[in-house]
Amino acid sequence: MFEKIVALEQGLHTPQMRSDIERISDYIHDEFYEDGLFSKGMTKADILAGLKHEDLSKHKIVSEDYKLVSQSRTRVTITYTSALESALGERSYYAQRHSTWCWCSDDKWRLISHSAALI
């Protein structure tokens, strides 16, 4: 299960997923809540609106050091470190991230909460 959640989380970092609002919407729970780097209390609608204006042409999101925090049959919480990486391989905006995924009644994992803090 841990590997599946890490793959889902990393999928959300790709330009292909982030530019497909309908697709990414299916991965985010309707009750989603985020305390992010630059704002507090973001909802699913806030995230989707922000992604419409995101430009990932100058950098990509990289992540590593995934750890399982807690796990049940219907909920998994992970932590990891992320950064933005330029085309030259330079990294910036390192952050410690915390994500909780829940198993929904339609047999899909969805991201229900996320937080990040610059490190």
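Here are a few things to note about the model shown:
- Carbon + sulfur, % of accessible area of the chain - ligands and nucleic acids excluded, 1.4 Å: 52
- Difference of contour (0.36 nm per residue) and Cα-Cα distance, I21 to M1: 4.7 nm
- Residue-normalised accessible area of the chain, given per residue in Å² at a 1.4 Å probe: 60
- With Cα atoms, 0 to 90° folded angle of helix 2-11 axis to the chain main axis: 40
- The chain: calculated mean residue ellipticity at 222 nm from DSSP helix runs of at least 4, using -39500 (n - 2.57): -6000 deg cm²/dmol
- Estimated inter-spin distance, D65 and S86, nm [label 7 Å along Cα→Cβ]: 2.2
- Local electrostatic count at S115 - Lys and Arg +1, Asp and Glu -1, tallied over other residues with Cβ under 10 Å: 0
- Neighbourhood net charge (14 Å Cβ-Cβ; Lys/Arg +1, Asp/Glu -1) for E64: +1
- Rounded, prolate or oblate (a/c below 1.5 giving rounded, otherwise prolate when a/b exceeds b/c) for segment 1-102 by Cα gyration tensor: oblate
The values are calculated or read from the model by the stated rules, or taken from the named source; none is laboratory data. For clarity, every value in this text was computed on a predicted model and none was experimentally measured. Cβ coordinates were reconstructed from backbone atoms using ideal geometry, including for glycine residues, and neighbour counts include every protein chain displayed. Heads up: the accessible areas ignore ligands, DNA and RNA and are worked out on the full protein's heavy atoms, side chains in. Shrake-Rupley method; radii C 1.70, N 1.55, O 1.52, S 1.80 Å.
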